[in-house]
Amino acid sequence: MDRNFWHRKWASNEIGFHERAANPLMLAHAGRLGLAAGSRVFVPLCGKSLDLHWLLSEGYRVAGAELSRIAVDQLFADLGLTPEVRQAGELLHYRAPDIDIFVGDIFCLDSELLGRVDAVYDRAAFVALPESMRTPYAAHVTQLAGRAPQLLICYQYDQALMNGPPFSIGDDEVRQCYGHAYALTLLARTEVAGGFKGRFPAVEAVWLLQ
C-alpha cells in the first residue's frame, strides 16, 4: 500500500471514492449479519464514509481503521462529535461515544487495542490493496475480528482497462483469501450503473463470510 498516494488524495481532496450517501448494497444486505442493537462493527480503511453514520443511526457501535488523519478529522466533524485523541502505540486512537477510529497503518492495529468485534463491513479496504497485500490483509482482519462474520463488497471488471485502485477481485481470489476461515456466500452480483467511472462495464459482488 502506497501510503503517500492516499495521503496525497486526502490532502488534495481528490476523493472520488467517497460516496455521497450510505452504500445501497450495505443497506440491502447488512441484515444478513444478524446483528443485535449495540453490536460493534469494524470498518477497515473507513475514510469519512457515510456508512458509519448509518451504522451509528441504527444503534450499532463502530470501530474503524484509517490511514489519513484528515479523513478522520472530517468524519468526526461531520458527525458533530469532539473526540478524545490519544497515542496508542504507532496509531492515534480517536474516541467518542459508540465510535473508535484508529489512525495509521492497519497492520499496526492488534486485537487487544481494537477490542471486541461482532462483525466486519469491508466496502473500501480489500479492493484498495494491490494483489500482493490482499492475502496478508485478509488474514490480519480475520485475526483482528476473531473470525466475526463479514460483509465484503468487491468490484469486478476488466483489469486491463484500469490499474486500480479500486482493483478488480474475482471470486476465486475471495475464496483463496477467506475460504480457509469462513463459509462464503455470494449474496448478489450487481452491475455498476453507467459503468465503472462512466467508462467501462463493471459489477459489484457482495459476499457474506460466516
How far apart, in nm, are the 7 Å Cα→Cβ label points at T82 and Q143? 3.9
Just the number, please: carbon plus sulfur as a percent of the accessible area of the chain, 1.4 Å probe, no ligands or DNA/RNA counted. 48
Shape parameters for the stretch 20-121, alpha-carbon atoms, Rg then Dmax in Å: 12.8, 37
What translational diffusion coefficient, in µm²/s and rounded to a whole number, does the Stokes-Einstein relation yield for the stretch 170-210 at 37 °C and a viscosity of 0.692 mPa s, taking the hydrodynamic radius as the Kirkwood radius over Cα pairs? 290
Given Cβ point charges of +1 (Lys, Arg) and -1 (Asp, Glu) and nothing else, what value in debye, to the nearest 20, does the dipole of the stretch 21-125 about its Cα centre take? 200
Could you state the orientation-averaged shadow area of the convex hull built on the Cα atoms of the stretch 56-167, in nm² to one decimal? 7.9
Ignoring everything except DSSP H segments at least 4 long, calculate the 222 nm mean residue ellipticity for the chain; use -39,500 (n - 2.57) per segment, divide by total residues, nearest 500. -8000 deg cm²/dmol
Explain nothing, just the number: dipole magnitude of the stretch 154-203 about its Cα centre with +1 on each Lys and Arg Cβ and -1 on each Asp and Glu Cβ, in debye rounded to the nearest 20. 140
May I ask you to derive the FRET efficiency for D73 and C108 from their Cβ-Cβ distance with R0 = 22 Å, giving the value to the nearest 0.05? 0.70
Net charge of Cβ neighbours under 12 Å - reference L209; Lys, Arg +1; Asp, Glu -1: +2
Using the alpha carbons of the stretch 140-210, what is the convex hull volume per residue in cubic angstrom, as a whole number? 90
Quick one: length gained pulling A37 to H53 fully straight, 0.36 nm per residue minus the C-alpha distance? 4.3 nm
Suppose all protein chains stay in the model; what accessible area per residue would a 1.4 Å probe give for the stretch 63-161, in Å²? 42
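The values are calculated or read from the model by the stated rules, or taken from the named source; none is laboratory data. Just so it is clear, the structure is predicted and the values come from calculations on it, not from any experiment. Counting neighbours? That spans all protein chains shown, and the Cβs are built from the backbone with ideal geometry, glycine included. Quick note on the areas: whole protein, heavy atoms, side chains included, nothing else; ligands and nucleic acids left out. Shrake-Rupley method; radii C 1.70, N 1.55, O 1.52, S 1.80 Å.
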